[in-house]
1. Of the conditions (1) open to solvent by 30 Å² or more (accessible area, probe 1.4 Å); (2) at pLDDT 95 or above; (3) assigned by TED's automatic domain parsing to the domain that holds Q166, V119 satisfies every one except a single condition; which number is it?
2. Looking only at region 307-323, which residues are within 13 Å of the chain's Cα centre (by Cα) and either away from the ligand (no atom under 16 Å from the Cβ) or touching a residue at least 60 places away in the same chain (Cβ under 8 Å) (or both)?
3. Name every residue in region 282-292 that is surrounded by 19 or more Cβ atoms within 10 Å (Cβ to Cβ) and either within 16 Å of the ligand (Cβ to nearest atom) or assigned to a loop (DSSP other than H, G, I, E, B) (or both), in order of residue number.
4. What do you reckon, is A142 within 16 Å of the ligand (Cβ to nearest atom), modelled with pLDDT under 95 and under 19 Å from the mean Cα position of the chain (by Cα)?
5. Which residue pairs have Cβ atoms under 6 Å apart, sit 6 or more places apart or on different chains, and have a first residue in region 56-74 that is free of Cβ contacts under 8 Å to residues at least 60 places away in the same chain and a second that is of a type in the set (A, V, I, L, M, F, W, C) and in a helix (DSSP H, G or I)?
6. Return yes when E163 is acidic (D, E) and either crowded, with 19+ Cβ neighbours inside 10 Å or outside the structural domain of K252 (by TED's automatic domain parsing) (or both) and no when it is not.
7. Do the conditions hold for L171, that is, is it under 20 Å from G353 (Cβ atoms) and assigned to a helix (DSSP H, G or I)?
Amino acid sequence: MSSTITQTNNHILLNEIQTQGIRLEGISDLTTREGGAGPTDHKAVTIFDSTIMIPVFSQSAKKSPFTVSSPSRMGYASLKKNEKIITTIRFIGEPKFYKENSSDGIPFWKIARLHSKDVLATTVLQNCIRYKNQETSCQFCAIGESLKHNTTIAYKKPHHLAEVAQRAVELDGISQFIMTTGTPGSSDRGAKILLESVTAVRDVVDIPIQIQCEPPDTFEWFTLLKDAGASSIGMHLEAVSDSIRKKVMPGKAEVSLLYYFEAFKAAVSIFGKGNVSTYILAGLGDTQEEILKMSQKLIHMGVYPFVVPFVPIRNTPLENHSSPDKEFMHGILAPLSQALIAAEMTSDTISSGCAKCGACSTLSTFEKNHSS
Ligand code: SF4
């Protein structure tokens, strides 16, 4: 590591790397997938002692001052900034469970993916009522891309999820399972299939599970999901102001902020403080002040605002939209991490979910820096 980089400013550098991405020079065999939910154009990379998702295929990554070439067979590589080596990093390799199949012959890697270094993640329903029509689809979403490229299946049945979870725990020691879903046309907005999925997985393996969906029609689903074994829930605002919500996610914005807050309140009463979270994509047009104000409101009611830098995904309407710069993210993450510490609701206090994994944002590294 360069002598100019000290332990105390690692979070600043990590934020810089995550917002700008890493340019891969002459590397063609770092496998990734096309499309899907979650961080699809990223690679999981361990830098210092944190594993974070780094954009490698975005437009900003192509222009990034951070470069990597020739990783070793174990994934180690020198990270350079403007041609100067700054540290050694490690790309997380493929897990062992990817080599196995379900009892009906579907490759496990099409059913669930490894995120970060030890998180199993799946999109139970790979379709969404909002996706096919640009008038209603979320402009940043690529849920249909992986289906188009045959790198996933449309519906992961409960037994698929149970089988992959069991083997991923046995072979790769995964620590938690995150189940998201596209939104079906039913009023439960995905809660029912998530309930079936959680039940099947918890029948065979005892791991923390986070479920992610839009707020359902009745909040009794929260009790059913908790009783079935889900330990946390994510209901994702993505954007915080009405104008950006309507512009970027016109279909999803039909579910009002008011209803989200009713759902958050009900969910916190069941899952507990911090075990209800929401993804906020910084860089879609909301100002720093709007994001911080919303985050304060969420923290006050026990909801963890997981603020991540927006990274455009290829083949989506926002593929040419820029990512927020490091100053914009720093201006949010520094005060936000302090507010989370003050509320005793940091990433390490929660049971499961993206906020626990923390790889898509450097928020938890800011938390650690402030608390040390
Ligand atoms: S934060 Fe969530 S989406 Fe990002 S790598 Fe972790 S589990 Fe996946």
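1. Single failed check for V119: (1).
2. Scanning region 307-323 gives P309, F310, V311.
3. Of everything in region 282-292, those that are surrounded by 19 or more Cβ atoms within 10 Å (Cβ to Cβ) and either within 16 Å of the ligand (Cβ to nearest atom) or assigned to a loop (DSSP other than H, G, I, E, B) (or both) turn out to be A282, G283, L284, D286.
4. In short, yes.
5. Once the first residue is free of Cβ contacts under 8 Å to residues at least 60 places away in the same chain and sits in region 56-74, its partners that are of a type in the set (A, V, I, L, M, F, W, C) and in a helix (DSSP H, G or I) give F66/I17.
6. yes
7. no
Residues are listed down the side, and each one gets a yes or a no for (1) within 13 Å of L120 (Cα to Cα); (2) open to solvent by 30 Å² or more (accessible area, probe 1.4 Å); (3) among the acidic types (D, E):
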residue: A168; (1), (2), (3): yes, no, no
residue: F177; (1), (2), (3): yes, no, no
residue: S186; (1), (2), (3): no, yes, no
residue: I193; (1), (2), (3): no, yes, no
residue: V201; (1), (2), (3): yes, no, no
residue: D206; (1), (2), (3): no, yes, yes
residue: M235; (1), (2), (3): no, no, no
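The values are calculated or read from the model by the stated rules, or taken from the named source; none is laboratory data. Everything quoted here is computed from the prediction, not taken from an experiment. In this analysis, Cβ positions are derived from the backbone assuming ideal geometry, glycine residues included, and neighbour counts consider all displayed protein chains. The accessibility values were calculated without ligands, DNA or RNA, using every heavy atom of the protein model including side chains. Shrake-Rupley method; radii C 1.70, N 1.55, O 1.52, S 1.80 Å.
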